[in-house]
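The values are calculated or read from the model by the stated rules, or taken from the named source; none is laboratory data. In this text the structure is predicted, and so the values were computed from the model without any measurement. A quick note on method: Cβ atoms are made from the backbone with ideal geometry, for glycine too, and the neighbour counts reach across all protein chains shown.
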Amino acid sequence: MIRPYLILALALGLGACTAGDQRSADSAPAAAPAGSDTAPAEAAARGPASPRDTVRGTIGSASVLVDYGRPSRRGREIFGSLVPFGQVWRSGANAATTLVLGAPVSIGGQPLDAGTYTLYSLPRADGWTLIVNGQTGQWGTEYAESRDVLRVPLDRSSVAAVDTFTISIESGDPEGRLLLAWDTLQGAVSVRAR
(Lines give C-alpha, C1' and ligand atoms only; values in the text may rest on other atoms or scores of the structure.)
Protein backbone atom coordinates (compact mmCIF):
# COMPACT_ATOMS: atom_id res chain seq x y z
CA MET A 1 0.00 0.00 0.00
CA ILE A 2 1.32 3.46 -1.00
CA ARG A 3 1.29 5.97 1.76
CA PRO A 4 -0.57 9.23 1.08
CA TYR A 5 2.28 11.44 2.30
CA LEU A 6 4.64 9.79 -0.28
CA ILE A 7 2.25 10.65 -3.13
CA LEU A 8 1.93 14.20 -1.85
CA ALA A 9 5.74 14.59 -1.67
CA LEU A 10 6.19 13.30 -5.25
CA ALA A 11 3.49 15.63 -6.58
CA LEU A 12 5.01 18.66 -4.86
CA GLY A 13 8.51 17.77 -6.09
CA LEU A 14 7.41 17.41 -9.72
CA GLY A 15 5.48 20.68 -9.56
CA ALA A 16 8.55 22.54 -8.27
CA CYS A 17 10.75 21.11 -11.05
CA THR A 18 8.46 22.27 -13.87
CA ALA A 19 7.51 25.68 -12.43
CA GLY A 20 10.91 27.15 -13.27
CA ASP A 21 10.48 26.25 -16.96
CA GLN A 22 7.15 28.02 -17.43
CA ARG A 23 6.97 31.59 -18.76
CA SER A 24 4.02 33.71 -19.62
CA ALA A 25 3.46 34.24 -23.35
CA ASP A 26 4.54 37.89 -23.15
CA SER A 27 7.67 37.51 -21.02
CA ALA A 28 11.06 38.05 -22.62
CA PRO A 29 14.39 36.49 -21.77
CA ALA A 30 16.63 38.55 -19.56
CA ALA A 31 19.31 40.60 -21.29
CA ALA A 32 22.90 39.45 -20.99
CA PRO A 33 24.92 41.41 -18.45
CA ALA A 34 27.08 44.21 -19.87
CA GLY A 35 30.44 42.95 -21.06
CA SER A 36 29.37 39.31 -21.27
CA ASP A 37 29.34 37.20 -24.39
CA THR A 38 25.94 36.68 -25.98
CA ALA A 39 24.82 33.39 -27.42
CA PRO A 40 24.89 32.95 -31.22
CA ALA A 41 21.11 32.53 -31.20
CA GLU A 42 20.75 35.99 -29.64
CA ALA A 43 23.03 37.50 -32.29
CA ALA A 44 20.99 35.80 -35.03
CA ALA A 45 17.79 37.19 -33.53
CA ARG A 46 19.18 40.74 -33.97
CA GLY A 47 19.52 40.09 -37.71
CA PRO A 48 22.45 40.47 -40.07
CA ALA A 49 24.97 43.27 -39.58
CA SER A 50 24.30 44.43 -43.16
CA PRO A 51 20.69 43.59 -44.04
CA ARG A 52 19.50 43.48 -47.66
CA ASP A 53 17.17 46.17 -48.94
CA THR A 54 15.41 46.86 -52.21
CA VAL A 55 14.48 50.28 -53.57
CA ARG A 56 12.19 50.84 -56.55
CA GLY A 57 11.28 53.80 -58.69
CA THR A 58 9.96 54.77 -62.08
CA ILE A 59 11.80 57.05 -64.44
CA GLY A 60 9.75 57.81 -67.54
CA SER A 61 8.49 54.40 -68.65
CA ALA A 62 11.42 52.55 -67.03
CA SER A 63 10.99 50.66 -63.79
CA VAL A 64 14.22 50.82 -61.77
CA LEU A 65 15.09 48.39 -58.96
CA VAL A 66 18.23 48.25 -56.82
CA ASP A 67 18.87 45.37 -54.39
CA TYR A 68 21.81 45.87 -52.03
CA GLY A 69 23.35 45.19 -48.63
CA ARG A 70 23.23 48.05 -46.10
CA PRO A 71 26.36 48.23 -43.94
CA SER A 72 26.41 50.56 -40.94
CA ARG A 73 29.15 52.85 -39.68
CA ARG A 74 29.26 51.45 -36.14
CA GLY A 75 31.82 54.08 -35.14
CA ARG A 76 34.18 53.35 -38.04
CA GLU A 77 35.76 55.85 -40.39
CA ILE A 78 34.26 55.06 -43.82
CA PHE A 79 35.67 56.78 -46.91
CA GLY A 80 39.45 56.69 -47.14
CA SER A 81 39.61 53.89 -44.52
CA LEU A 82 36.99 51.09 -44.50
CA VAL A 83 36.21 52.03 -48.12
CA PRO A 84 39.66 52.99 -49.46
CA PHE A 85 40.00 55.82 -51.95
CA GLY A 86 41.07 54.70 -55.41
CA GLN A 87 39.73 51.12 -55.10
CA VAL A 88 36.57 49.69 -56.64
CA TRP A 89 33.91 49.21 -53.94
CA ARG A 90 30.89 46.91 -54.09
CA SER A 91 28.59 49.83 -53.16
CA GLY A 92 26.98 47.92 -50.33
CA ALA A 93 27.83 44.77 -48.41
CA ASN A 94 28.00 41.02 -48.98
CA ALA A 95 26.39 39.96 -52.30
CA ALA A 96 26.87 42.36 -55.20
CA THR A 97 24.48 45.30 -55.60
CA THR A 98 21.98 44.56 -58.38
CA LEU A 99 20.42 47.11 -60.75
CA VAL A 100 17.38 46.01 -62.80
CA LEU A 101 16.07 48.29 -65.55
CA GLY A 102 12.68 47.61 -67.15
CA ALA A 103 13.35 49.84 -70.18
CA PRO A 104 16.34 51.60 -71.77
CA VAL A 105 17.69 54.66 -69.94
CA SER A 106 20.65 57.01 -69.99
CA ILE A 107 22.74 57.19 -66.83
CA GLY A 108 24.85 60.32 -66.59
CA GLY A 109 24.21 60.87 -70.30
CA GLN A 110 25.39 57.38 -71.34
CA PRO A 111 22.88 54.93 -72.85
CA LEU A 112 22.08 51.70 -71.01
CA ASP A 113 19.74 48.98 -72.27
CA ALA A 114 17.01 47.35 -70.20
CA GLY A 115 18.38 44.41 -68.23
CA THR A 116 20.12 43.31 -65.04
CA TYR A 117 23.48 44.74 -64.00
CA THR A 118 25.78 45.04 -60.98
CA LEU A 119 26.66 48.41 -59.46
CA TYR A 120 30.12 49.19 -58.16
CA SER A 121 31.70 52.54 -57.45
CA LEU A 122 35.13 54.08 -57.26
CA PRO A 123 35.42 56.64 -54.47
CA ARG A 124 38.36 59.05 -54.59
CA ALA A 125 39.42 61.88 -52.33
CA ASP A 126 38.32 64.33 -55.05
CA GLY A 127 35.38 62.50 -56.67
CA TRP A 128 33.24 59.39 -56.97
CA THR A 129 32.53 57.25 -60.07
CA LEU A 130 29.57 54.92 -60.58
CA ILE A 131 30.39 51.67 -62.41
CA VAL A 132 27.69 49.62 -64.15
CA ASN A 133 28.96 46.08 -64.77
CA GLY A 134 27.45 43.30 -66.89
CA GLN A 135 28.45 40.43 -64.61
CA THR A 136 25.59 39.44 -62.28
CA GLY A 137 24.90 37.02 -59.43
CA GLN A 138 28.37 37.17 -57.90
CA TRP A 139 29.61 38.03 -54.42
CA GLY A 140 30.26 41.75 -54.10
CA THR A 141 34.04 41.47 -54.08
CA GLU A 142 34.15 39.50 -57.36
CA TYR A 143 34.73 42.39 -59.75
CA ALA A 144 35.71 41.90 -63.41
CA GLU A 145 36.66 45.25 -64.98
CA SER A 146 36.43 43.65 -68.43
CA ARG A 147 32.63 43.39 -67.88
CA ASP A 148 32.14 47.12 -67.25
CA VAL A 149 29.30 48.51 -69.37
CA LEU A 150 29.74 52.14 -68.37
CA ARG A 151 31.42 54.46 -65.88
CA VAL A 152 29.99 57.86 -65.01
CA PRO A 153 31.02 60.50 -62.47
CA LEU A 154 28.70 61.02 -59.51
CA ASP A 155 27.92 64.54 -58.35
CA ARG A 156 29.42 64.37 -54.88
CA SER A 157 28.25 66.49 -51.99
CA SER A 158 28.52 66.63 -48.21
CA VAL A 159 25.47 65.61 -46.18
CA ALA A 160 24.53 65.21 -42.53
CA ALA A 161 25.91 61.93 -41.19
CA VAL A 162 24.21 58.85 -42.67
CA ASP A 163 24.84 55.89 -40.34
CA THR A 164 23.61 53.10 -42.65
CA PHE A 165 24.57 53.05 -46.34
CA THR A 166 21.54 54.07 -48.38
CA ILE A 167 20.70 53.91 -52.07
CA SER A 168 17.63 55.81 -53.20
CA ILE A 169 15.84 56.51 -56.46
CA GLU A 170 14.20 59.84 -57.16
CA SER A 171 11.46 58.99 -59.65
CA GLY A 172 10.60 61.44 -62.42
CA ASP A 173 9.37 61.78 -65.97
CA PRO A 174 11.40 61.85 -68.11
CA GLU A 175 14.32 62.17 -65.67
CA GLY A 176 15.15 61.16 -62.12
CA ARG A 177 18.23 60.45 -60.04
CA LEU A 178 20.06 57.55 -58.42
CA LEU A 179 21.65 58.49 -55.07
CA LEU A 180 24.20 56.74 -52.86
CA ALA A 181 24.80 58.09 -49.35
CA TRP A 182 26.94 57.01 -46.41
CA ASP A 183 28.81 58.76 -43.65
CA THR A 184 28.97 62.41 -44.71
CA LEU A 185 29.07 61.89 -48.50
CA GLN A 186 26.37 61.57 -51.12
CA GLY A 187 26.82 60.74 -54.79
CA ALA A 188 24.08 61.41 -57.33
CA VAL A 189 23.65 60.78 -61.04
CA SER A 190 20.85 61.60 -63.46
CA VAL A 191 18.83 58.74 -64.96
CA ARG A 192 16.77 59.62 -68.03
CA ALA A 193 14.24 57.53 -69.94
CA ARG A 194 15.14 56.87 -73.59
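Give me the residue from region 160-173 that is over 19 Å from the mean Cα position of the chain (by Cα) and exposed (fewer than 14 other Cβ atoms within 10 Å of the Cβ) and, out of that set, nearest to ASP53 (Cα to Cα). Full working, then the answer.
So the first thing to find is which residues in region 160-173 are over 19 Å from the mean Cα position of the chain (by Cα), and the list is 160, 171-173.
With exposed (fewer than 14 other Cβ atoms within 10 Å of the Cβ) added as a condition, the list becomes 160, 173.
Values: ALA160: 21, ASP173: 24 Å.
Result: ALA160.
Give TRP128, TRP89 a once-over and let me know the one that is of a type outside the set (D, E, K, R), surrounded by 20 or more Cβ atoms within 10 Å (Cβ to Cβ) and touching a Lys or Arg at 6+ places or on another chain (Cβ under 7 Å).
Details: TRP89 fails: touching a Lys or Arg at 6+ places or on another chain (Cβ under 7 Å).
Every option except TRP128 fails the conditions.
Can you name the condition, by its number, that ILE169 falls short on among (1) more than 19 Å from VAL66 (Cα to Cα); (2) in a strand (DSSP E or B)?
All conditions are met except number (1).
One residue is enough: does region 33-46 have a residue meeting the conditions at pLDDT 95 or above, out of contact with any Gly (no Cβ under 8 Å at 6 or more places or on another chain), exposed (fewer than 12 other Cβ atoms within 10 Å of the Cβ) and not basic (Lys, Arg)? Let's see the steps before the verdict.
We begin by selecting, within region 33-46, every residue at pLDDT 95 or above; these are none.
The answer is no; no qualifying residue exists.
Can you pull out every residue in region 138-153 that is among the hydroxyl-bearing types (Ser, Thr, Tyr), loosely packed, with under 13 Cβ neighbours inside 10 Å and assigned to a loop (DSSP other than H, G, I, E, B)?
Taking region 138-153 as the starting set, the residues that turn out to be among the hydroxyl-bearing types (Ser, Thr, Tyr) are 141, 143, 146.
Narrowing the set further to residues that are loosely packed, with under 13 Cβ neighbours inside 10 Å leaves 141, 146.
Passing the criteria: only THR141.
Could you check LEU65 against (1) in a strand (DSSP E or B); (2) buried (at least 16 other Cβ atoms within 10 Å of the Cβ) and say which number it fails?
Evaluating LEU65 over (1) in a strand (DSSP E or B); (2) buried (at least 16 other Cβ atoms within 10 Å of the Cβ) leaves (2) as the failure.
Which residues, counting only those in region 98-112, are closer than 9 Å to VAL132 by Cβ, in contact (Cβ under 8 Å) with a residue 40 or more places away in the chain and buried (at least 20 other Cβ atoms within 10 Å of the Cβ)?
Of region 98-112, the ones closer than 9 Å to VAL132 by Cβ are 99, 107, 110, 112.
Checking which are in contact (Cβ under 8 Å) with a residue 40 or more places away in the chain leaves us with 107, 110.
The answer is ILE107, and nothing else.
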